[in-house]
Amino acid sequence: MCGIAGFMAAPGAAPAADLERRARAMGDALAHRGPDDHGIWSHAEAGIALCQRRLSIVDLSPAGHQPMHSGSGRYVITYNGEIYNFQDLRAELEGKGVSFRGHSDTEVMLEAFVAYGIEPTVKRLIGMFAIALWDRQTRELTLIRDRLGIKPLYWAKFGSLFMFSSELKALRAMPGWLARIDRRAVGSYLRHDYVPAPHTIYEGVSKLEPGTILTLPWGGEPKTTRFWDARSIARNGVANPIACSDAELTDQLEALLQDAVKRRMVADVPVGAFLSGGVDSSTVVALMQSANQSRVKTFSIGFDIEDYNEAPHAAAVARHLNTEHTELTVTSDEAMDVIPRLPYMFDEPFSDSSQIPTFLVSALTRQHVTVSLSGDGGDELFAGYNRYHLALKMWRGLSMLPAPARRAMAASIRSVSPDRWSRLLSPLPARLRAGAIGDKLYKMADVLTQPDNSAIYRRLVTHWEPSSVMPAADEYETVLTDKSVSADLPKFLDQMQFLDLVTYLPDDILTKVDRASMAVALEARVPLIDHRVVEFAWRLPHRYKVRNGVNKWLLREVLYRHVPKTLIERPKMGFGIPIGEWLRGPLRDWAESLLDERGLAEEDLLDAARIRQVWQEHLSGRRNWQYLIWNVVMLQAWRQHWMKASVSHAANIH
């Protein structure tokens, strides 16, 4: 696991020492990702420099140093990630007479590129990776990002200068960088809580999309191709469902997951796992323990607020599996101490508030191990999100009502304020009265006016409507508005799972895990989204995902072979924090400073009056606008950190 960066400039325009100085500055910005080693390679005649900051995981010797050259000298690589089937590939290459200097996965991958070619090799890799490969023979740079987007890779081309890096802060380290906020990206961020790929918060800077190869010929323009396409996988999977008995399918999934987990336990450093006590992390830990003779190290954090504390559930699973469990109870003050670090950690606006507990559990885990397995991805693959079932239920009911009737119902709901609805319905029994019921009714009113199921889902995953909070609002179109998705995947559940797989998973969940873990130099591995598991899951008929109201049915069947149902079956909590209460209490002054009317109105980016109105409603307790407020304060905190702190990086809003 590492941080990588590099650039191509005008050939011969700068001496090697100058190229290396610039590359070193980029690498220094990524030192947190790789504290164990650093390396730079440059070629002045070609105008190229590559650098790497290394977190040593496999082959801790100098033989694992990067940038690394292939045995023939043709290729130079700097790469971030892990290849989990490198030992299989190595044995195959040794059978062809290839010899190796060390035992790193990097060297195996390089020699596979020589033997088989770049794309044929990439298609055979099982792993997570962001790769930069320079071909000294053809003078072509190739960037590659793994199938699911586990590892990040950014790139930009300004005139004759091409740059790439694991994080945006390394691009900012290049001399002459001028940060320009992309207004449309701000609109997309307000809707999603993140800037969706391939866009970034900066004009002219892109995320390389998952499953993509970018090639840049010397003196030419970049071109991208896909080596793995999630839409094709989903479409072909639902068209060719697996026909087996329940027991046979459970066996198949368990064997596949067991292999995915075992491969991710290979390391020359200590390995552990995050454990929340939910289905996904418990499955990963159970399979780790079944494959391991010694006790697996597991880690969880708890909060001193009961409604947000999953630690007792994790501890119960750990006791049953007999893991070596470490738990830390975090106070609200300790959690809030993380907040000032978030803008630097995430590089661009990002407002999934579970970024805070993810960082805290990563920091705890790093005190004991260097690698941790995580259970991310199970909800997307096995239909675990509550919103899937909510959207399906809503659409089944609403599709039977004429549009005028739905609009009339929405108008009736909105004729009474949310706080008045909550008071009117307060006499209902608790089992019939959801928390913040007035706010939930208003959300239902929004859903009632949507024209089709796709629009309902888009509304459920929307935070701000950009038009409600930005003057002359604009945003990027995404796959969420692509009408062809419903043609490829006619069933609503398939549509929602696919959309999350290609948007929310890489741009929110995996981004959060990567930045939070790498901020403390911890490698996080995610076995549930091994691409073989993804392809298998898309071939599962719906009854293996949701059965009798139980989500993730088949995944649970695997888990229940190792852990009793009684330890797992409970309402889904998520990885939350009481952000709404904090904003009204200990974070109020901090948020107020970021929501100052003049600051909000700067450069005509946000509608200050509208945001102030929402803020006051939240403070009064009339509405619970916690996620909308967190979205704006994280944007403002990012602007304050990156766009105002340094005069040399002054911003221009375009």
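General observations
- Here region 2-228 is treated with +1 on each Lys and Arg Cβ and -1 on each Asp and Glu Cβ, and its dipole about the Cα centre works out to around 640 debye.
- The label-point distance for F100 and T481, in a model that sets each label 7 Å from Cα toward Cβ, rounds to 4.8 nm.
- The amide H of N85, built 1.01 Å from its N in the peptide plane, has I126 as neighbours under 5 Å, considering only residues 5 or more places off or on other chains.
- Rounded to whole Hz, the Karplus (6.51, -1.76, 1.60) HN-Hα couplings of region 154-163, x for glycine and proline: 10, 8, 8, 10, 10, x, 8, 9, 10, 10
- Sorting E592, E82 by the number of Cβ atoms found within 10 Å of their own Cβ, with the fewest placed first, yields E592, E82.
- Student exercise, the chain dipole from Lys, Arg, Asp, Glu Cβ charges, in Debye to nearest 20: 1400 debye
- Cβ-derived FRET efficiency at R0 45 Å, Q367 paired with S468, nearest 0.05: 0.55
- Each of C51, C244 was scored by other Cβ atoms within 10 Å of its Cβ. Arranged with the fewest first, they read C244, C51.
- Residues whose amide H falls under 5 Å from that of C2, counting only those 5 or more places apart or on a different chain, are L55, G81, with hydrogens built in the peptide plane.
- Other-chain or far-sequence residues with amide H under 5 Å of S372's (modelled H): G272, E523, A524, R525
- Label selected from (i) 77, 61, 48; (ii) 75, 64, 45; (iii) 84, 76, 52, the criterion being Cα extents along the principal axes in Å as computed here: (i)
- Length added when fully stretched, A247-E45, from 0.36 nm per residue minus Cα-Cα: 66.5 nm
- Distance from region 1-30 to region 512-532 (C-alpha centre basis), Å: 26 Å
- Listed values for region 548-555 are Karplus-derived 3J(HN,Hα) couplings in whole Hz (6.51 cos²θ - 1.76 cosθ + 1.60, θ = phi - 60°), namely 6, x, 9, 7, 6, 4, 5, 4, and x replaces Gly and Pro.
- When each of H618, H542 is scored by the number of other beta-carbon atoms lying within 10 Å, the sequence from fewest to most is H542, H618.
- Label-to-label distance for D337 and D452 is 5.2 nm, based on points extended 7 Å past Cα in the beta-carbon direction.
- Once the chain from E92 to A13 is taken as fully extended at 0.36 nm per residue, the excess over their C-alpha distance is 24.2 nm.
- Using alpha-carbon coordinates, inclination of helix 608-620 to the longest axis of the chain, degrees: 60 degrees
- Percent of beta bridges antiparallel (DSSP, the chain, rounded to nearest 5): 75 percent
- In order along region 78-91, phi translates into HN-Hα couplings of 10, 8, 10, x, 9, 9, 7, 10, 5, 5, 5, 5, 4, 4 Hz, rounded to whole numbers, per the Karplus curve 6.51 cos²θ - 1.76 cosθ + 1.60 with θ = phi - 60° and x for Gly and Pro.
Each value in this text was obtained by applying a stated rule to the coordinates, not by laboratory testing. Predicted model only: the values in this text are computed from it and were never measured. Please note: Cβ atoms are built from the backbone with ideal geometry, for glycine as well, and neighbour counts cover all protein chains shown.
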